[in-house]
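Worksheet: one structure, shown below.
The values are calculated or read from the model by the stated rules, or taken from the named source; none is laboratory data. Predicted model only: the values in this text are computed from it and were never measured. Positions of Cβ are generated from backbone atoms using ideal geometry, with glycine treated the same way; all protein chains shown enter the neighbour counts.
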Amino acid sequence: MSLSFRHQHAFAVRWSVMGDLMLPLSTGRGARIAAWLLVFCWILFVPYTAAESLPDSLYQRWIHSYEEDTSETLVFRTSAHSFPPARGRDGFEIRADGTFTLLGPSGNDRSTAVTGHWVHSKNWILLVSFSDSHLNREVHIISVNPQLLCIRR
């Protein structure tokens, strides 16, 4: 967005996604105040997602590490982690294309996979939806690095 004066009695605001918006204001002090008020409102109400972007290390397969859970946090590790023996572990895979695959053990000791989709809501919250709506969930990410993912219980 850039601000520029065009004509003597008009104030132009250039928006990269919307083109030019010409506001019929005089070029005096009132026009400058009105223009800055418009810019201020735009900053407040248009979400700025660059500050909330998700790290690339999130996009991989995560396996639940029950042993490291706390009362408020679920801990997940990558499949490269050496887990202690367990009778099946659940997990999920998050892909950058918006695909979310829920992984879990089945009755015959094989793993099952259910595929859904996720969208980034805000503040590191993923909204995950599946065709079977009782599986829908919100994933509140607390922290993530290439080997460890912590989410709110």
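Give region 103-119 a look and list any residue that's modelled with pLDDT of 90 or more and among the β-branched types (Val, Ile, Thr), or say none. Can you show your working first?
Just the residues of region 103-119 that are modelled with pLDDT of 90 or more, to begin with: 103, 113-119.
Those that are modelled with pLDDT of 90 or more and among the β-branched types (Val, Ile, Thr): 114, 115, 119.
Kindly provide the set of residues from region 76-93 that are surrounded by 15 or more Cβ atoms within 10 Å (Cβ to Cβ) and not β-branched (Val, Ile, Thr), ordered by number.
First pass over region 76-93, keeping only residues surrounded by 15 or more Cβ atoms within 10 Å (Cβ to Cβ): 76-78, 89-93.
Of everything in region 76-93, those that are surrounded by 15 or more Cβ atoms within 10 Å (Cβ to Cβ) and not β-branched (Val, Ile, Thr) turn out to be 76, 77, 89, 90, 91, 92, 93.
Contact list please: Cβ distance under 6 Å, first residue in region 65-91 and over 21 Å from residue 138 (Cβ atoms), second residue of a type in the set (D, E, K, R), pairs at least six apart or on different chains.
Cβ pairs passing all conditions: 79/61.
Every residue in region 98-153 that is within 15 Å of residue 58 (Cβ to Cβ), hydrophobic (A, V, I, L, M, F, W, C) and surrounded by fewer than 13 Cβ atoms within 10 Å (Cβ to Cβ), please.
Correct list: 119 only.
How many residues are part of a strand (DSSP E or B) and in contact with a Ser or Thr (Cβ under 6 Å, 6 or more places away or on another chain) if we restrict to region 118-141?
Taking region 118-141 as the starting set, the residues that turn out to be part of a strand (DSSP E or B) are 118-122, 125-129, 137-141.
Add one more test, that the residue is in contact with a Ser or Thr (Cβ under 6 Å, 6 or more places away or on another chain), and what stays is 127.
Qualifying residue count, region 118-141: 1.
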